[in-house]
Amino acid sequence: MWRRLSQFYPPWVELILLLVLGFSFWYPAAHYTEMPMRIPTHFGPAGLPDGWATKSWVTVLLGAVIMAGVYLLITGIGLWMAIVEDPRKLISWPDEQALKRMSTERAELLRRVTLQGLLATKALIVGMGAYLEYASTQVAIGQSKSIGWWIWVFVGGILVVSGYLVWKTIRLTYPGKKEDRV
């Protein structure tokens, strides 16, 4: 299964993402004893805390648990997409005849673009989760006043990748110019 996925992107990237995800659990856990009994759990647009909760392992690690669930969900979808034999079966298209006429090469290209877009989105989400765990821990232990502006870099990255993925899949699904057709 991983061998099949390696046709679309290098599987070692998953190892890096798992290490970053592990950091999301390790860093707040390593600083748990330094945290006060009331910790920030929500931050406003400026990065300043605006929601608080009593410290517990659940409140400290909930963000990392959610990120792990998102990682597993996106990875599962990606693995499923990689093992489907006919890439046209992955495409939901109202015109069944046009779908049947689509070349295997174009359908494979669409699968490749989608899997690489999912990987980029997953990497940004995992990175954002790790950054949030790090920054919110820093705020909780009094090393910082806010989570900073980096969160907006991740949000912008997710929006750019998502927009590109939508544009590219529409362009591949509905080729307009002759040079766009595969």
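Each label was represented as a point 7 Å from its Cα along the Cα-to-Cβ direction; for residue 31 and residue 48 these points are 2.0 nm apart. For residue 55, go through the aspartates and glutamates and keep the ones whose alpha-carbon is under 12 Å away, minus same-chain ones fewer than eight residues off. Output for residue 55: 34. Taking 0.36 nm per residue of sequence separation and removing the Cα-Cα distance, the residue 62/residue 4 pair yields an extension gain of 17.6 nm.
Relative to the globular-protein estimate of 2.2 N^0.38 Å, the Cα radius of gyration of the chain stands at 1.28.
A probe of 1.4 angstrom, applied to the heavy atoms of all protein chains, finds residue 23 with accessible area near 70 square angstrom. Both radii are taken from the alpha-carbon atoms of region 1-66; with Rh as the Kirkwood radius, Rg/Rh is 1.17. Excluding ligands, DNA and RNA, the accessible surface per residue across the chain is 58 Å² with a 1.4 Å probe.
Scanning the chain for long hydrophobic helices, with DSSP H runs required to stretch 20 angstrom or more by C-alpha along their axis and to average at least 1.6 on the Kyte-Doolittle scale, returns 12-30, 57-83.
For the chain, with all protein chains in place and a probe radius of 1.4 Å, 67% of the accessible heavy-atom surface sits on carbon or sulfur. A 1.4 Å probe over all protein chains sorts 55, 122, 145, 100 by accessible area into 145, 100, 55, 122, starting with the largest.
The values are calculated or read from the model by the stated rules, or taken from the named source; none is laboratory data. The structure presented is a predicted model; accordingly, all values stated were derived computationally and were not measured. Counting neighbours? That spans all protein chains shown, and the Cβs are built from the backbone with ideal geometry, glycine included. Quick note on the areas: whole protein, heavy atoms, side chains included, nothing else; ligands and nucleic acids left out. Shrake-Rupley method; radii C 1.70, N 1.55, O 1.52, S 1.80 Å.
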